[in-house]
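**Student:** Here it is, the structure in full.
Every number here is computed from the coordinates shown, using simple stated rules; none is lab data. What you are looking at is a predicted structure, and each value in this text was computed from that prediction instead of being measured. Neighbour counts run over all protein chains shown; Cβ positions are idealised from the backbone, glycine included.
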Amino acid sequence: MTTTGYSLTQPASSSPWAAPLADAPVQATVAVPSSKSLTNRKLVLAALSDAPSTLSSPLHSEDSARMIEALRTLGVGIELVPGDGAFGPDLHVTPPAALHGGVTIDCGQAGTVMRFIAPLAGLATGDVTITAHASALHRPMGEMIKALREIGADIDDGGHWALPFTVRGRGHIRGGEVTIDASGSSQFVSGLLLAAPRFDVGLHLIHSGSRLPSVPHIDMTVETLARRGIQVERPSANEWVVPAGVPRGRDAVIEPDLSNAAPFLAAALLTGGSVTIPGWPPTSTQPGALLPEILSLLGARTGRRGGALTVTGKRRIAGVDLDLSAASELSPTLFSLAAFADAPTTLHGIGHIRGHETNRIDALIGNLRALGGEAEELPDGIRITPRPLHGGLWRAHHDHRIATAGALIGLRVPGVEVDDISTTAKTMPEFPQLWAQLLQGEAGPTDASSDAPGAA
């Protein structure tokens, strides 16, 4: 969808965005768009299924548009159809008889696209070249390349173990047993699991690293496969067995993005106000489902009623020691809260966020120090020591979560400017409008257009 004053085709902001200052506790109900992680997983499985599927209330953002474009390039039929979602149309996905190559796919900055599409490229017939935006070519891909080669894919990476590379698709991948180190990204595991049913002999995947980040995202992948009739066995904590088969075509409704709800809920703590997110699922594999527990540790009061989550702050934020290995994407939001806590905070289990859209640890520390704050880098995390802050430029580094972290800081500090708020389009094009409406007491869908991202 496009929103009033915003388009996915809009270039990076030519001037900094002045983060609004909260002059009173926020009191708002915020409807957030659907989950990027679920949308992209369900798109991939719908493309590999035995019959068409309709995805209701999908996310329409830069990342989902990249996934739609990538799948269409491989021959998948994806049509925008009317639906009841507040943020844009539904998606009707028609699997092709066979995926085809002879194409180039640009992943933009989307990690899910580069890690999920690479295995599908091996199932296509013909060469598939996979590239990305210059700012994303650094993102780890070596383990995916290594794994695909070991199970039968032919990949020409020029010896760089990174994007861009060409998958010389033969219409099938053998599959079998493979061991990888997924310490750099759980998306290596999810990308292989999603394609695994269509491998000749399925997949037996073993993770060999010392840690496995974002396990809820892997659980999400396993659950999404199960809903389409593919039962993944897990003989041990770091081992998955996927049988060969064809996922079933199945209509699905996409949950709200709980991690994208995090900045809005955090605003309640920063201002001593109250924010409600409607449609909060009773159970979810999204890492953002941990937010009620985490925010309670920081001093918030949380409650659920009528399918909604409400978080209320007390203008006191507790300094805490948090292991965020299961929910590292929440780190920028929690970092911003920690800058105003009553004691130092340590966030650990997040070393792998150095390999996201930017090195998030460096970006967060550098931005905070530029505003007079103090934080130090740890081998696997960050320690934040609260200090009085002043206004200044907050650099987004082409990273949507760094941008929203700056917006949070600006609620309490006058004169904070985010250099490129348009980068939030990656997962939430509506963010600037929703943030403004948050401070006005209500935030929901903006005026939608039929020109959704990914439209033909």
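**Student:** Specify the angular offset, from 0 to 90 degrees and rounded to the nearest 10, of the alpha carbon long axis of helix 111-123 from the longest principal axis of the alpha carbons in the chain.
**Tutor:** The answer is roughly 0 degrees.
**Student:** Expressed as an acute angle from 0 to 90° and rounded to the nearest 10, what is the orientation of the C-alpha long axis of helix 400-412 relative to the principal long axis of the chain?
**Tutor:** The angle comes out near 10 degrees.
**Student:** Among LEU45, LEU148, VAL32, which residue has its Cα positioned farthest towards the positive end of the charge dipole of the chain, with +1 placed on the Cβ of Lys and Arg, -1 on the Cβ of Asp and Glu, and the dipole taken about the Cα centre?
**Tutor:** Value computed over the given set: VAL32.
**Student:** How big is the charge dipole of region 36-242 about its Cα centre, in debye rounded to the nearest 20, if each Lys and Arg gets +1 on its Cβ and each Asp and Glu gets -1 on its Cβ?
**Tutor:** On the way: 17 positive and 21 negative charges, 19 e Å.
Its charge dipole is roughly 100 debye.
**Student:** Something else about it: Using per-residue counts of other Cβ atoms within 10 Å, averaged over each peptide, order 266-275, 178-187 from highest down.
**Tutor:** By packing density, highest mean first, the sequence is 266-275, 178-187.
**Student:** Among ILE350, ILE365, rank each residue by its count of other Cβ atoms within 10 Å, from fewest to most, as a rough exposure measure. Provide the component values of the computation, followed by the final result.
**Tutor:** Numbers: ILE350 26, ILE365 20.
Fewest-to-most ranking of ILE350, ILE365: ILE365, ILE350.
**Student:** While we're looking at this one, here's another question. For GLN109, enumerate residues with amide H under 5 Å from its amide H, sequence gap 5+ or separate chain, H modeled in the peptide plane.
**Tutor:** HIS133
**Student:** Another question, then. From Cα pairs below 8 angstrom and at least 6 apart in sequence, can you work out the relative contact order of the chain, rounded to a whole percent?
**Tutor:** Values: 1173 pairs, mean separation 97.4, N = 456.
Here the relative contact order equals 21 percent.
**Student:** Of (1) 159, 75, 38; (2) 60, 47, 42; (3) 63, 49, 35, which one was derived for Cα extents along the principal axes in Å from the structure shown?
**Tutor:** (2)
**Student:** Under 8 Å for C-alpha pairs, at least 6 residues apart: give me the relative contact order for region 201-256, rounded to a whole percent.
**Tutor:** On the way: 54 pairs, mean separation 23.8, N = 56.
This gives 42 percent for region 201-256.
**Student:** Where both residues lie in the chain, what percent of DSSP beta bridges are antiparallel, nearest 5?
**Tutor:** Working: 45 of 67 bridges.
Given both bridge residues lie in the chain, the antiparallel proportion sits at roughly 65 percent.
**Student:** Relative to the longest principal Cα axis of the chain, at what angle does helix 262-271 sit, 0 to 90 degrees, rounded to 10?
**Tutor:** 10 degrees
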